[in-house]
1. Inspect all residues belonging to region 35-44 and state whether any of them is of a type in the set (Lys, Arg) and more than 28 Å from Asp182 (Cα to Cα).
2. So, Ala67, is that one modelled with pLDDT of 95 or more, open to solvent by 20 Å² or more (accessible area, probe 1.4 Å), small (Gly, Ala, Ser) and touching a Ser or Thr at 6+ places or on another chain (Cβ under 9 Å) or not?
3. How many residues are open to solvent by 80 Å² or more (accessible area, probe 1.4 Å) and outside any helix (DSSP H, G or I) if we restrict to region 177-225?
4. Restricting to region 233-247, and then to whatever is of a type outside the set (Lys, Arg) and surrounded by fewer than 15 Cβ atoms within 10 Å (Cβ to Cβ), can you tell me which residue is nearest to Ala196 (Cα to Cα)?
5. Would you confirm whether any residue within region 8-20 is assigned to a helix (DSSP H, G or I) and within 25 Å of Glu158 (Cβ to Cβ)?
6. Just checking, how many residues over region 27-45 are modelled with pLDDT of 95 or more, open to solvent by 50 Å² or more (accessible area, probe 1.4 Å) and not in a loop (DSSP other than H, G, I, E, B)?
7. Does Leu97 count as in a helix (DSSP H, G or I) and either open to solvent by less than 20 Å² (accessible area, probe 1.4 Å) or of a type in the set (Asp, Glu) (or both)?
8. Name every residue in region 201-240 that is closer than 19 Å to Gly280 by Cβ, among the basic types (Lys, Arg) and without any contact (Cβ under 8 Å) to a residue 12 or more places away in the chain, in order of residue number.
Amino acid sequence: MNSNAHAAGKSKSVTIIGLGPMGQAMAGVYLERGYKVTVWNRTTSKADELVLRGAVKAFTIKEALDANDLAILSLTDYDVMHAILEPASEYLTSKVLVNLSSDTPQKVRKAANWLTDRGASMITGGVQVPPSGIGKPDSYTYYSGPKEVFEAHQKDLEVLTGTDYRGEDPGLAMLYYQLQMDIFWTSMLGYLHAFAVASANGITAEQFLPYASATLSSLPTFVKFYTPRLDAGKHPGDVDRLAMGVASVEHVVHTTEDAGIDIALPSAVLDIFKRGVEKGHAGDSFTSLIEIFMKSSDVRS
């Protein structure tokens, strides 16, 4: 591969495969930074606006791969990657593919092995911002994969966002990404459900904003407090007790029901709390529920 030549500043080019909102944003930022950008998308018309800005449209995946040693993939998932690249696998030799598509860590590891078998290298990325955050200095992306390959192209990747390299295991970046998505979607769904109850009681989103923000802003303090206890596997009931948590969540369920709002979300939380009590954790902290989460045999059908 020509990564050493690039590192010496002899080339400044990249291929973008996949032109959804994220791919469009990435291609645009590279163009702004003076890169020669080749773009490819199954729906070729998605490249037209970028071509007007100076990008080169590849009409086949072979053209896209041939244009540069470095290709960045922004696709729906890894199944799409395979569908696109398998017919062109003979052109993957010596290529570096930075896959910023979302999927499971296990599928990422399999894809990395598949590409290695075809003479290519894969760096996995988990982008932590929406398309509007691409090119912003305070944005960041998790990366993992061969360290030497990552370091050879780190400057290219820093055009998009800051980089947080997690390690050689190609699945690590995706694991960290999915962990953040677990927190994000659960938290945002909680906010959305709370607003539904607020709205049913005549409270507007604007009126609710400072109170929702205050609660969400307090979470890092709780996370920091419980972190050493979780690492130690200790769940003393000196600060909170699961039995009191059950009562609290029951009140949320009843308040939701009284407002005529769907109770599925708080009921699911209540079920988890009750399972913890059934396992003998009534006097322990709510963090003892980690044992419920980690024992898949306890999951109810």
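The values are calculated or read from the model by the stated rules, or taken from the named source; none is laboratory data. Just so it is clear, the model here is predicted, and its values are computed rather than measured. Cβ atoms come from the backbone with ideal geometry, glycine included; neighbour counts cover every protein chain shown. To get the accessible areas, we keep the full protein, side chains included, count just its heavy atoms, and leave off ligands, DNA and RNA. Shrake-Rupley method; radii C 1.70, N 1.55, O 1.52, S 1.80 Å.
1. Step one: of region 35-44, the residues of a type in the set (Lys, Arg) are 36, 42.
Filter once more, keeping what is more than 28 Å from Asp182 (Cα to Cα): 36, 42.
Checked against the condition, which is being of a type in the set (Lys, Arg) and more than 28 Å from Asp182 (Cα to Cα), region 35-44 yields at least one hit.
2. Values: modelled with pLDDT of 95 or more: yes; open to solvent by 20 Å² or more (accessible area, probe 1.4 Å): yes; small (Gly, Ala, Ser): yes; touching a Ser or Thr at 6+ places or on another chain (Cβ under 9 Å): yes.
Here the answer is yes, as Ala67 does meet what is asked.
3. The number of residues fulfilling the criteria is 1.
4. At the first step, the residues of region 233-247 found to be of a type outside the set (Lys, Arg) are 233, 235-240, 242-247.
Then keep just the ones that are surrounded by fewer than 15 Cβ atoms within 10 Å (Cβ to Cβ); that gives 233, 236, 238-239, 244, 247.
Numbers: Gly233: 36, Pro236: 34, Asp238: 33, Val239: 30, Met244: 25, Ala247: 21 Å.
Checking each candidate, the answer is Ala247.
5. Residues of region 8-20 that are assigned to a helix (DSSP H, G or I), as a first pass: none.
So far as region 8-20 goes, no, none of its residues is assigned to a helix (DSSP H, G or I) and within 25 Å of Glu158 (Cβ to Cβ).
6. To start, the set of residues in region 27-45 that are modelled with pLDDT of 95 or more comprises 27-41.
Next, only the ones that are open to solvent by 50 Å² or more (accessible area, probe 1.4 Å) stay: 32-34, 36.
From what is left, the residues that are not in a loop (DSSP other than H, G, I, E, B) are 32, 36.
Looking only at that region, the number is 2.
7. Details: in a helix (DSSP H, G or I): no; either open to solvent by less than 20 Å² (accessible area, probe 1.4 Å) or of a type in the set (Asp, Glu) (or both): yes.
No, not satisfied.
8. Answer for region 201-240, where residues must be closer than 19 Å to Gly280 by Cβ, among the basic types (Lys, Arg) and without any contact (Cβ under 8 Å) to a residue 12 or more places away in the chain: just Lys234.
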